[in-house]
Each structure stands twice: as structure tokens, then as C-alpha cells.
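Here the structure is laid out as C-alpha cells; the discussion comes afterwards.
The values are calculated or read from the model by the stated rules, or taken from the named source; none is laboratory data. What you see is a predicted model, and the numbers here were worked out from it, not measured in a lab. Heads up, the Cβs are rebuilt from the backbone with ideal geometry, glycines too, and the neighbour counts pull from every protein chain shown. Ligands, DNA and RNA are excluded from the accessible area calculation, which covers all protein heavy atoms including side chains. Shrake-Rupley method; radii C 1.70, N 1.55, O 1.52, S 1.80 Å.
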Amino acid sequence: MVYYAHATDPVTFGTFFVLYYVIIPAVLLTWFWKYYVYIKKRQYKLKQLGVLILLAFILTSFSGFKVLEQYLYLYSPVEKMTCYSSSCVLSSPLVTEYGFVREDFEEFGVPSLGFMRIYRIYDTELSASLLTPKKLNYVVIARPLLFLPVTELHVYEVSENKRLVTKDKFYLVWPKSPGKFLTEKFDAKFSVMILEGGY
């Protein structure tokens, strides 16, 4: 079961999906093509390469984050929340309105700074290993590590009485498939729903 109202559209998903995979190879090919004459002379223009790679890492990290968002939001019954600090997370509607205990988040720890999105994952999906129904009951904080092609996930498992019981930290590292990454880490078959013309 998924939340159909949170489905994405083909343009949004397709754009970020393609960008996630092609930006780094495209930057390397562009550098090689532009400076081929210099490279033949063993003048590698490493400063220019470094700047291009940094830009590619930033765009790839953000694109991977946006692709993950399309998957995670589909399994969330509530709106995603945006924060830039731990104090924002602890005072967000997740804690103040949805019945979670602030002290649980303080005990397990939340990211201190950075652009992050918070998702309440609550659904039933097919287990990837056992092929039986599996209940998903988590809070997930996703944060792109902008200067690396990496997205960081803080995953809090939630009990039936809305107490946090465990915390894991996962990293989506380019060029790992975001969908396969989520399926492996949650042992549940994550998919994305794309609706023509948006939701």
C-alpha cells in the first residue's frame, strides 16, 4: 500500500533520476574534451577539474536526495517537513503534533545542521527477503552531503506506542540505485509511483 496523493510526475522524477546518474560522467567527459590538447602535453588542468568535480558532486548529491524523496514521500501518511537545525527537528510538528517524545530524539541524536527533510514512514510493504508483508514504522531524516555525491539517512524505528526503539544511519553513495538502496536497508520492496500530469 502507498499513499497515492504523494505520487510524483514523470518530469520531476525523470529529471532528477537522469541528473543523478549522468552529471559526474558528463563533467569528466567535458573536462577531457575541453582540455584534450593540454592533457596530451601532460598539462592536466587539475584546478579546473577540481572545480568541475565539486560542482558535479553538489548536483549529484542533491539529485540523489530528490530521487530518494520521491520514494520516501510515497510511504508517508503526513507531509514531509524541512529543517536546517536540530532545534527545528525537535520543535517540528513531528514532535509537537504527532505524539512522539522529544526525549527519544534527544537520546538517539538528530543531525545538528544542514538542509534536511523529515518523513514519517508508516505503511505495509512486501519484505524483500521473506516475500511476506512487512510493516514499515519509521521516522527518516534525509540530508544531502552537498560536497560529496552522498545522501545521509537517519532512520528511527518506531514502536506501536510511538516510542523510538532503534536508530540506524545509512549513506546512499553514487552510483548506487536509490530504489535498490532503500529496498536493501529496509528489507522492503520500495517502488516509486509516477502519475502523468502530476498528482
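Right, Pro175: open to solvent by less than 20 Å² (accessible area, probe 1.4 Å) and either closer than 25 Å to Ile53 by Cβ or basic (Lys, Arg) (or both) or not?
Values: open to solvent by less than 20 Å² (accessible area, probe 1.4 Å): no; either closer than 25 Å to Ile53 by Cβ or basic (Lys, Arg) (or both): yes.
For Pro175, the condition - open to solvent by less than 20 Å² (accessible area, probe 1.4 Å) and either closer than 25 Å to Ile53 by Cβ or basic (Lys, Arg) (or both) - is not met.
When segment 1-31 is examined, which residues are found to be within 14 Å of Ile53 (Cβ to Cβ) and surrounded by 12 or more Cβ atoms within 10 Å (Cβ to Cβ)?
If the condition is that a residue be within 14 Å of Ile53 (Cβ to Cβ) and surrounded by 12 or more Cβ atoms within 10 Å (Cβ to Cβ), then Ile23, Ile24, Ala26, Val27, Leu28, Thr30, Trp31 are the ones that fit.
Where the second residue is assigned to a strand (DSSP E or B) and open to solvent by 40 Å² or more (accessible area, probe 1.4 Å) and the first is over 16 Å from Ser76 (Cβ atoms) and lies in segment 122-147, which pairs have Cβ atoms under 6 Å and are six or more apart or on separate chains?
So the pair list comes out as Ser127/Lys134; Pro133/Thr124.
Does Phe57 meet the test of being open to solvent by 70 Å² or more (accessible area, probe 1.4 Å) and out of contact with any strand residue (DSSP E or B) (no Cβ under 7 Å at 6 or more places or on another chain)? Write out each step before concluding.
Details: open to solvent by 70 Å² or more (accessible area, probe 1.4 Å): no; out of contact with any strand residue (DSSP E or B) (no Cβ under 7 Å at 6 or more places or on another chain): yes.
No.
Please find, among Val165, Val158, Val139, Val150, the residue that is farther than 27 Å from Phe62 by Cβ and surrounded by 19 or more Cβ atoms within 10 Å (Cβ to Cβ).
That would be Val158, the only listed residue that is farther than 27 Å from Phe62 by Cβ and surrounded by 19 or more Cβ atoms within 10 Å (Cβ to Cβ).
Any chance you could count how many residues in segment 106-121 are under 17 Å from the mean Cα position of the chain (by Cα) and farther than 14 Å from Thr82 by Cα?
1
Can you work out which of the residues in segment 62-77 that are of a type outside the set (Phe, Trp, Tyr) and open to solvent by 30 Å² or more (accessible area, probe 1.4 Å) is nearest to Pro178 (Cα to Cα)?
Filtering first and then ranking leaves Lys66.
Pairs only if they're at least six apart or on different chains, beta carbon under 7 angstrom, first in segment 161-187 and under 14 Å from Phe17 (Cα atoms), second open to solvent by 40 Å² or more (accessible area, probe 1.4 Å) and part of a helix (DSSP H, G or I); list them, first residue then second.
The qualifying pairs are Pro175/Tyr21.
Filtering segment 84-125 down to residues that are in a helix (DSSP H, G or I) and under 20 Å from Phe65 (Cα atoms), which residue is least open to solvent (accessible area, probe 1.4 Å)?
In this case the residue turns out to be Val89.
List pairs: first residue in segment 98-120 and at positive phi, second residue open to solvent by 10 Å² or more (accessible area, probe 1.4 Å) and assigned to a strand (DSSP E or B) anywhere in the structure, Cβ distance under 6 angstrom, at least six positions apart or on different chains.
Listed pairs, sorted by first residue: Gly114/Arg143.
Just wondering, is there one or more residues in segment 4-15 that are under 28 Å from Glu196 (Cβ atoms), in a helix (DSSP H, G or I), modelled with pLDDT under 85 and of a type in the set (A, V, I, L, M)?
Yes: segment 4-15 contains one or more residues that are under 28 Å from Glu196 (Cβ atoms), in a helix (DSSP H, G or I), modelled with pLDDT under 85 and of a type in the set (A, V, I, L, M).
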